[in-house]
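Undergrad: Structure below; questions to follow.
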Amino acid sequence: MTEKPSRDRQKSSIATLKGLLPFLMPYKKQFVLAGIALLLAAGSTLAIPYAFKQMIDLGFGAAGEQSTTHIDLYFLALFGVASVLAIATAARFYMVSWLGERVTADLRSAVYRHVVTQSPEFFETTQTGEVLSRLTTDTTLIQTLVGTSISMALRNTLLFVGGLVMLFVTSVKLSSIIIVMLAAVVLPIVLFGRRVRALSRDSQDRVADASALAGEILNAMPTVQAFTHEKEEASRFGASIERAFSAAMRRIRARSMLTMMAILLVFGAIVFVLWLGAHAVIQGRMTAGELGQFILYATIVAGAIGALSEVLGEAQRAAGAAERLLELLAVRSPIQSPMHPVSLPPRTAQGASLSLRHLGFHYPSRPQSAALSDLTLDIGAGETVAIVGPSGAGKTTLFQLLLRFYDPQHGSILLDGVDIRQLDLHTLREAIGVVPQDTIIFSANAMENIRYGRSDASDDEVIAAAKQAAAHEFIERLPEGYRSFLGERGVRLSGGQRQRIAIARALLKNPPLLLLDEATSALDAESERLVQAALEAAMVGRTTLVIAHRLATVQRADRIIVMEHGRIIESGTHASLVERGGLYASLAALQFSQA
């Protein structure tokens, strides 16, 4: 039972590195060129000891003018070999470095492209800081593996095999002794290498934890400072960094021990065999040139083994990184476009109709708590429906289902008579405009932030949408107008200004269905009046759903839906609901009495 996990980890390591093959296969030509350069470099290295033997035995052993000629020839030959080695090594370095950079870029793009297609369920359990750590730190380790480690491993394997062959050519007896001794020392090196891989994975996990913590706190800095938690958060991050440091030191200690074991055991075996060779020369069984050749080949073999142990450590670490990246790529979003999507009917002048049939839904992270229960609702094209109710009633959940961020466990949603699960995700979401409660402003200028609603919109169309959302005047007053950079997350704007940018973005999209989630919640009275007028104009020719806690913003809706605990408990106009004296009347009385 104790051996099985170890074997599973070893298989996992091999399988993990095989998972990188799809990223390597498009560059077969570059691998072939790198392989040719590698063979030339290894062949040149292996030729040097033989050239030294010839120079010692024939060059120095000859007499007079002939000796000078021999020495000149052998030194010229040696320089020629060194020249080939230099050119081949430079070519190999260029090609493998190119491959490392190219494969890493492809891998980063693939991971990011995959992550942005995940549903919100994925981000319920995965911190963005951890994803960023995998995109940066882990891919850098893969770059080292592809751009350095693989090349070094192949080079040193060739040198090891070629050097070993030449050792036997030089002296079968001494080579046999050295092989037996090397076999005895390789086993502990391999066993210890497994521990290095486990420690490498743990080290990467701790770094990802620290990155995730830093990302979370930096995004919430105003809150941290408002509650004077700077020292506490700095201490918490410091503790996380110390855990990462401790894990890294365990890995480094293990790799140091692995390197020390490899060098001591391998060179100890070689020194013993060379001692035997020195006695063979004294006794006349070997020439000085043959011993010199044997020493150089033994050094090449020993150096190759030492380099391979170092590369093994890098490969173990990269295998841990590859495992984490491939785990991320293996995640499949439960929300997918159908294999054969259907099309929506042509858009009408009134907007889109919407039907909700017996919806039942709970969040994956809260399976015991129903967010919606048997909810049925029909909304006609062009109708404006307000949805009100206490926090937790299921209003925002309903919007998330309409956008198909999640699928209901029960029931269906029909847009213009078509089940939204039969629509391509882009087709569905292009038909819906959203103004969320938490406005997202990107690190770009005002023009590009509004153009996010429709990327092919002209500048004039962007400005028209901004005017419709009562955003044009304040944008014009910015230092560079529409070209003004708004800062990360829109820190240079007030809450009301950010919300008007989001409204302009939705209006630019011009969808048949408009979802407004507390669209005027961050506005002052004057701005709310302006935006409310703009929204009423925008509602013409489209179906609109409005979520609002402030009941004054929904009084002019065609219909008001009152929700509580994921169910519709009341429906009607403002006047009829107040007259009925239910939950809506209580909410209205509370708000208007406070006003």
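The values are calculated or read from the model by the stated rules, or taken from the named source; none is laboratory data. It should be emphasised that the depicted structure is a prediction, and the values quoted were computed from it without experimental measurement. All Cβ positions, even for glycine, are placed from backbone atoms using ideal geometry, and neighbour counts span all protein chains on display.
Undergrad: Could you tell me whether residue 124 is in the same structural domain as residue 318 (by TED's automatic domain parsing), surrounded by fewer than 19 Cβ atoms within 10 Å (Cβ to Cβ) and assigned to a helix (DSSP H, G or I)?
TA: Against the criterion (in the same structural domain as residue 318 (by TED's automatic domain parsing), surrounded by fewer than 19 Cβ atoms within 10 Å (Cβ to Cβ) and assigned to a helix (DSSP H, G or I)), residue 124 qualifies.
Undergrad: Ok, one more. Select from segment 463-482 the residues that are assigned to a helix (DSSP H, G or I) and either of a type in the set (D, E, K, R) or surrounded by fewer than 23 Cβ atoms within 10 Å (Cβ to Cβ) (or both) and list them in ascending order.
TA: Within segment 463-482, 463, 464, 467, 468, 472, 473, 474, 476, 481, 482 qualify.
Undergrad: Based on this model, can you work out whether residue 396 counts as at pLDDT 90 or above, hydroxyl-bearing (Ser, Thr, Tyr) and within 30 Å of residue 586 (Cβ to Cβ)?
TA: No: the conditions fail for residue 396.
Undergrad: Checking the structure you have, find out if any residue of segment 177-200 is modelled with pLDDT of 80 or more, at negative phi and out of contact with any Pro (no Cβ under 7 Å at 6 or more places or on another chain).
TA: Checked against the condition, which is being modelled with pLDDT of 80 or more, at negative phi and out of contact with any Pro (no Cβ under 7 Å at 6 or more places or on another chain), segment 177-200 yields no hits at all.
Undergrad: Go through (1) of a type in the set (Ser, Thr, Tyr); (2) more than 23 Å from residue 159 (Cα to Cα); (3) in a helix (DSSP H, G or I) for residue 97 and report which single condition fails.
TA: (2)
Undergrad: Right, something else. Only one residue in 318, 371 is surrounded by 20 or more Cβ atoms within 10 Å (Cβ to Cβ), of a type in the set (Gly, Ala, Ser), within 39 Å of the chain's Cα centre (by Cα) and assigned by TED's automatic domain parsing to the domain that holds residue 541, so which one is that?
TA: Result of the check over 318, 371: 371.
Undergrad: How many residues are within 23 Å of residue 429 (Cβ to Cβ) and surrounded by 16 or more Cβ atoms within 10 Å (Cβ to Cβ) when one looks only at segment 74-109?
TA: 0
Undergrad: If I ask for residues that are at pLDDT 85 or above and not aliphatic (A, V, I, L, M), which ones from segment 369-382 would you list?
TA: Within segment 369-382, 373, 374, 376, 378, 380, 382 qualify.
Undergrad: If you don't mind, there's one more thing I want to ask. What is the residue count in segment 348-368 for residues that are buried (at least 16 other Cβ atoms within 10 Å of the Cβ) and modelled with pLDDT under 85?
TA: Adding up the residues that qualify gives 1.
Undergrad: Something else: Please tell me if residue 216 is without any contact (Cβ under 8 Å) to a residue 60 or more places away in the chain, of a type outside the set (Gly, Ala, Ser) and either in a helix (DSSP H, G or I) or within 17 Å of residue 315 (Cβ to Cβ) (or both).
TA: In short, no.
Undergrad: From the list 572, 566, 582, 541, exactly one residue is on the phi > 0 side of the Ramachandran plot, modelled with pLDDT under 85 and assigned by TED's automatic domain parsing to the domain that holds residue 370. Which is it?
TA: 541
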